Amino acid sequence: MYEIIFYLTAAVTVLAAGSILIVRNPIHAALYLVIALLALALLFFLLGAPLLAALQVMIYAGAIMVLFLFLIMVMNLRPTQEQLPFLSAGWKVPAFLALILWLELLVLFFGLLPEPADETITVIEPKVVGESLFGPYLLVVEAAAILLLAALIAVLYLSRKKRL
Amino acid sequence: MMYWLSVLIFLPLSGALLIVLAWHNNVVMARRAALLFSAAELLIALGLWWFANPGSDGYMYIVRASWIPSMGIQFLLGMDGLSLLLVLLTALLIPIAILVSWHSIKLHWPVFAALLLATEAGIMGVFLALDLILFYVFWELMLVPMYFLIGIWGHERRLYAAYKFFLFTLTGSLLMLVSILGLYFIHGEQTGTYTFDYFALLHTDLPDNTGMWLMLGFFAAFAVKIPVFPVHSWLPDAHTEAPTAGSIILAGLLLKTGAYGLLRFCLPLFPEDSLEFAPFAMALGVVGILYGAFLALVQEDLKRLIAYSSISHLGFVVLGIYAWNQESLHGAMILILAHGITTSAMFAIVGMLEERSHTRLLSRMGGLLLPMPRLGTMLLLFTLSAMGMPGLANFVGEFLVLAGVYQISASFAIAGAMGIVAGAIYLLWMYQRAMLGEVNESPAWRDLDLRELSVLAILTILVLWLGLYPAPFLDYLQNPTDTIIELNTVVITGTEDASH
Amino acid sequence: MIPLSHSLIIAALLFTLGLLIIMLRRELLFILMGLEVMFNGAALTAIAAGQYWTNADGQVLTIFLTVVTAAELAIALILVWLVFERLNTTRADNLKLLKDNIDRGPP
Amino acid sequence: MNQLLWLIPGAPILSALIIVLLGGFLRYRHIAVLASCAAAAAFLTVLLAWLNGAANAQPLQQTVYTWVAVGDWRPTVGLMLDRISLVMVSVVSGVGLLIHLYSIAFMAKDNDYRRYYFFLNLFLGGMLLLVLADNLLLLYLGWELVGLCSFALIGFWYRDPVRASAGRKAFITTRIGDLSLALGIFLLFSQFNTLSLPVLFDAISEQWQPNSQLAAITAFMIFAGAVGKSAQIPLQVWLPDAMAGPSPVSALIHAATMVTAGVYLIARMHPLFELTPLVQWTVAAIGAVTILYGASSALAQNDLKRVLAYSTISQIGYMFLALGCGAYAFALFHLVTHAFFKSLLFLTAGAIIQANNHEHDIHRLGSHGGHSLLMHGCFLVGAASLAGIPVITAGFYSKEAILTTVWPASTGQLLWVIAALGTLVTSIYIFRTYFLLFQNSQKAVSISPVNRMMVWPLFILALLSITAGFVEFPAGWPGPQLWSTWLENEFGTATHPPLATVYVLQLIASLLPLLGAGIAFLLVRREKTGYRLPLSDFLRDGWKFDATYKIVLVGGYFRLAHFFKLIESLLIDAMLHKMTRGYKVFATYCRTGFEYGVLNRGLNGLLSGLRFGHAQLSTAQNGLLNRYALMICAGAVFLLGYWLW
């Protein structure tokens, strides 16, 4: 049962991501992306990472998607007039390359990884993650904070009407 | 107490930085700040003087800190009587240069002030450094701002003069650098410790010819700065084209670094070779005395005339240094001070004349004593000092030099004494053409104002002090002189031992 | 039980799809979305691996990945907006200012 | 008393200092009175010294402070008052005081009084320092200081270029003498390592043999210094021109005091000169020649002050003659009397010239006519004393004393004849001047009354010009011989020939001035009809010394200087320019030959190759985002494939 849910969710994720490739309307694409992200959050949960699942919903599906939508709204984008990939002439080479890449990864995973020793799913509690974050990774957290601050400043700067 | 020596160097540097950063477009504040910094420097120098004991042996103050230990380079400063007096002279002349430039510099005052202060730091460093590399650093440090002082604020042919100045002095100092490195490696190979420490290098055993070559490297750098006869050609141009403050620093201080270098490095590091070289150096000195005096006679440009007179006077210094005895060394050192004061004052006066009439040509002056009695009197006083009037500063130096030289060689002394007569001729001729006779043209001559008068009054007091009561200064010179003379006797007894 | 390799295959699929989006779509917003997909593929890898070794580090890495994505996306979006404002287009093909032009010669 | 010694030179110098510093706040009267008070202070101190018995006691000494300190050698500002300096100090301060008083009225109309009194006071101080110095270094200071003041006062009216040049000439000419003096001092210093006079005299007499070469050289050098200051041949050219200064200055500096500094110097250094008869003889010979030179030149002058200037040269010649013959006491004696009568003459001349609108020519001054009786009388007294009219004038006694001692010296007869001839000519020229000046004086009463302040100094000097001689009667006379006995300790006694010879010589020497006066009377009468002396142009130009020096020395010197300037510009600067140009040529060659020919072509080839490659490769740089992503992907594929394989 557990597995079924998992694979189903995985299928949803992949399908949603694939749909982004082919839809014309940006709004639709955004919706597909939300679906993919939410599905991914479920995958995280199923894999035993509840904290990350929650974060995924909040940050990606919540915040980032809003940004996308907001931008699409502001720019007033119409459904794109571009030739869709499958109808255009240039789709074969990328598709081929992507296929090869996927195969290579497949080979990598099957060829190199040992069989899992433990069959049960172990849930890693948020507490553990938090201890790890504010323990050995404290400095990285600080760095991330600074990165965010820098991004914030950069965005503020770029959005000014009169730049220096 | 000791760290004041470092303060002497870094105070003007930080002052220069502060002025450039804080008041780069506020002329009034920049002037005041520059004056304040140089005055503070003067106060520190006076304080060091006050607490120094003239009778103490060797160096009164020493600062030693590690700088680049892997190469044996230290931050080593030391002050003996000679350095002390020259530091005092430097600290005195910089505020005077600033005061003289008060209104005459129209462009970029803050930068000008900063460069002046940077030069001061360089000169202070030269007079204090006892690590050869440190010395070399300061030696070059004072060159660069000077180049800009001439090149930016000079007169019509300033770029030519600045180039010439830079090329001459740079060539000399590169030769010195080669010599410094040579000495360093020879000493290192002999003792195993590679160091640029002056005291360590003092007693280096040099192979026969090497010593002479190394000495000549040092001598080349110092001779260009002094300047000694065949390499003097940059001086008249640089003096003539430099702004007044530049001329004051050039004549009053930069030339002295050369003489100081001879006394501090050339003689003590290479006593045997210097002794061997002494007759040539004295001959160069004598030639410089007479040659400068002759050329000064036929100059039209007042600044050029004083420049050539500097060559003549510095000839006495070289003569005195290489005569190498009690009287002549004292005389040379006093003459260094006296010439610094006298010539600075004369350049300041010429600057004041130029400010009023925009000319330095003697042919366009004449009769100026009538509209400007104070200026005329001051010029007379310093002219008299320059020509060796007893009771004024230069006389003590020249008399002692000649009295000392006479004991070594009468003919050099006679030739040098003829230089004094020649000095009287060209200086009086100059004075007559500028000050006496009928007034030639009449721009709005006005007499000295309070600022100018006070500048000259300070220098007047010094000239009289040095001339009438030089004993306190001479006391400070006793120790350095004794040190140098000891070297001479060591050499002589040493050779005697070898012959026995 | 779900083997690690399956998770990784899904991750690889996601990554490849994202890459395809980037390579094939001409609209800047789509490209950014493709980028998101790729990031998420990477995040899935990290979490799956972390769970496999029962280690919190995978999740920590994902958190940082999220942070970086957020920062990147914020700046990228504002840039897209600027591009749209200046050039009035969001088509990647129209943004060829960096194209080298041999006829102009070296600068 | 020892502690007051500094006041003698110190008072005038301090006053000079006050004048230069605070003079701006003072008016003429204050400055003049201050300056005169300073001179009076100096004179009173000297009087005090006399009253305290300085004349007979040991020399007074005072060390003011250590001047220079070099090792063990510490020359001081030290003063010494022995009998020689006492004579000089008395004369200098006395005459100086009188001339300060005279100047009060004389300079009243001049605007530059501040400068005048500054230099006059400074001169007085310098001169007193010179004669009081107990070491040669300080003496040299005074020596130069008076030279400076002389320079400044000769060129006092500096707006006239001729006067300004005269000052410069005086300074430089004496400086040449000073050079020699300085070298003499160096020589003494290098020998004895001291410059203190008493120590030096002991050392000289102990260490140097008579006739030794070193002593001769030293003595000669010092003598040359004295020649410059005292305007003897060949350095006499500056003195006639020095008359460009105000008359009181001429009286004080160029007649009474500074020019006699050379005499004082030789007298002071007499232990050295006594070692070297040759130099002594040279001194005498130079003196004798100068007597003739000055007297004959004075004969042909038309400028009143120049007559007196040449007369001064000639009279100092007498002093040198006396010095050369070992009669130091009589040299000083003549110095004193000369100071009196020559200042008298100069001051009188100054008053006459000032009263006649600065007219210097004696012919025109004579034809003006109007001179007061006082002027007439004073000039007559001075002239008589200068000529040495027997018995009643001071000049007679001093000159007689010299002439008597010259005879027994080596080649004394010849020298005596020259000196006697000099006496005759002296009498002729001074009475010629007198007759020319005052021939018409009965015609008119005084037109401009002379100021009271100017009269008193003249009276005193006139009185001294007559009575000063009575302290020393000639040899063989029944009067007292106070002077020579008083100075015996310092110099020893002067010899004189047997009394019979003495009387004959004295008779001849006494008659000569009277004869000269008669000749002068005849000469003046003929001169009015247009007669001119033979060689008068030659004589008036001072034997053409000036012209010769101007061509040979001054011209040569300037030519040499220009030559050096040429060398500087030709050799040194031009060489630099040549080097620069050569450097430029080399650089140009490098540019055209190497740079263009070799480097550029190679570079161009390389460049075109690169351009080609670039054209081929730049198709990849198409700016399309998707293509770039494609390429990244291709790279990833390649890398992964590489690792897998």
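Is it the case, given these coordinates, that D:A69 is crowded, with 17+ Cβ neighbours inside 10 Å and modelled with pLDDT of 85 or more?
For D:A69, the condition - crowded, with 17+ Cβ neighbours inside 10 Å and modelled with pLDDT of 85 or more - is not met.
Name every residue in the range D:149-165 that is surrounded by 22 or more Cβ atoms within 10 Å (Cβ to Cβ) and assigned to a helix (DSSP H, G or I), in order of residue number.
Scanning the range D:149-165 gives D:C149, D:S150, D:F151, D:A152, D:L153, D:I154, D:A164.
Cβ-Cβ distance below 9 Å, separation of 6 or more or different chains: which pairs start in the range D:60-88 with a residue that is within 14 Å of another protein chain (Cβ to nearest Cβ) and end on one that is acidic (D, E) and surrounded by 22 or more Cβ atoms within 10 Å (Cβ to Cβ)?
Hits for this filter: D:T63/D:D134; D:V70/B:E327; D:G71/B:E327; D:W73/B:E327; D:T76/D:D134; D:G78/D:D134.
If you check D:G294 against the conditions, is it modelled with pLDDT of 90 or more and closer than 23 Å to D:W416 by Cα?
yes
Just to verify a result, which residue in the range B:353-385, among those that are in a helix (DSSP H, G or I) and among the small types (G, A, S), is nearest to D:G23 (Cα to Cα)?
B:G376
Take the residues in the range C:1-17 that are more than 7 Å from every other protein chain (Cβ to nearest Cβ) and touching a helix residue (DSSP H, G or I) at 6+ places or on another chain (Cβ under 6 Å), then tell me which one is farthest from C:V37 (Cα to Cα).
C:A11
Could you grab me the full set of residues in the range C:35-62 that are surrounded by 22 or more Cβ atoms within 10 Å (Cβ to Cβ), modelled with pLDDT of 90 or more and farther than 22 Å from A:Y7 by Cα?
C:V60
If you take the residues of the range C:41-98 that are of a type in the set (S, T, Y) and assigned to a helix (DSSP H, G or I), which of them is farthest from A:L43 (Cα to Cα)?
C:T69
Of the residues D:A329, D:A288, only one is at pLDDT below 90 and surrounded by 24 or more Cβ atoms within 10 Å (Cβ to Cβ); which?
Unique residue meeting the criteria: D:A329.
Mind listing whichever residues of the range B:430-477 are out of contact with any helix residue (DSSP H, G or I) (no Cβ under 7 Å at 6 or more places or on another chain), part of a helix (DSSP H, G or I) and facing another protein chain (nearest Cβ under 8 Å)?
B:L468, B:A471, B:D475
Just wondering, is there one or more residues in the range C:82-90 that are on the phi > 0 side of the Ramachandran plot and more than 14 Å from chain D (Cβ to nearest Cβ)?
yes
Return the pair list, or none, for Cβ contacts closer than 9 Å from residues in the range D:549-566 that are basic (K, R) to residues that are outside any helix (DSSP H, G or I), at least 6 apart or on different chains.
Within 9 Å, the pairs are D:K565/B:V298; D:K565/B:Q299.
What helices (runs of 4 or more DSSP H), lying completely within the range D:236-309, carry at least 2 residues that are among the β-branched types (V, I, T)?
Correct list: D:261-268, D:277-299.
What's the total number of residues in the range D:611-637 that are among the small types (G, A, S) and farther than 17 Å from C:L95 by Cα?
So the count comes out to 5.
Considering D:A629, D:A615, which residue is surrounded by fewer than 13 Cβ atoms within 10 Å (Cβ to Cβ), at pLDDT 75 or above, touching a helix residue (DSSP H, G or I) at 6+ places or on another chain (Cβ under 9 Å) and within 14 Å of chain C (Cβ to nearest Cβ)?
D:A615
Looking at (1) under 30 Å from B:K164 (Cα atoms); (2) more than 9 Å from every other protein chain (Cβ to nearest Cβ), find the lone condition where D:K565 falls short.
Every listed condition holds for D:K565 apart from (2).
I need a count of the residues in the range C:51-62 that are closer than 19 Å to A:V57 by Cβ and facing another protein chain (nearest Cβ under 7 Å).
Residues flagged as closer than 19 Å to A:V57 by Cβ and facing another protein chain (nearest Cβ under 7 Å) within the range C:51-62 amount to 4.
Quickly run through the range D:356-379 and pick out the residues that are in contact (Cβ under 8 Å) with a residue 40 or more places away in the chain and under 29 Å from the mean Cα position of the chain (by Cα).
Matches in the range D:356-379: D:H360, D:D361, D:I362, D:C378, D:F379.
Under the condition of being surrounded by 14 or more Cβ atoms within 10 Å (Cβ to Cβ) and at positive phi, which residue from the range D:525-543 is farthest from the chain's Cα centre (by Cα)?
Ranking the qualifying residues of the range D:525-543, first place goes to D:W543.
Given the criteria within 14 Å of chain C (Cβ to nearest Cβ), of a type in the set (G, A, S) and within 30 Å of C:L20 (Cα to Cα), does D:G635 qualify?
Yes; evaluated as a whole, the condition is true for this residue.
For residues that are touching a Cys at 6+ places or on another chain (Cβ under 7 Å) and part of a helix (DSSP H, G or I), scanning just the range D:389-411, find the one that is surrounded by the most Cβ atoms within 10 Å (Cβ to Cβ).
If we take residues in the range D:389-411 being touching a Cys at 6+ places or on another chain (Cβ under 7 Å) and part of a helix (DSSP H, G or I), then D:V406 is surrounded by the most Cβ atoms within 10 Å (Cβ to Cβ).
The values are calculated or read from the model by the stated rules, or taken from the named source; none is laboratory data. Since this is a predicted model, take the numbers as computed values, not measurements. For neighbour counting, all protein chains shown are included, and Cβ atoms are generated from backbone atoms with ideal geometry for every residue, glycine included.
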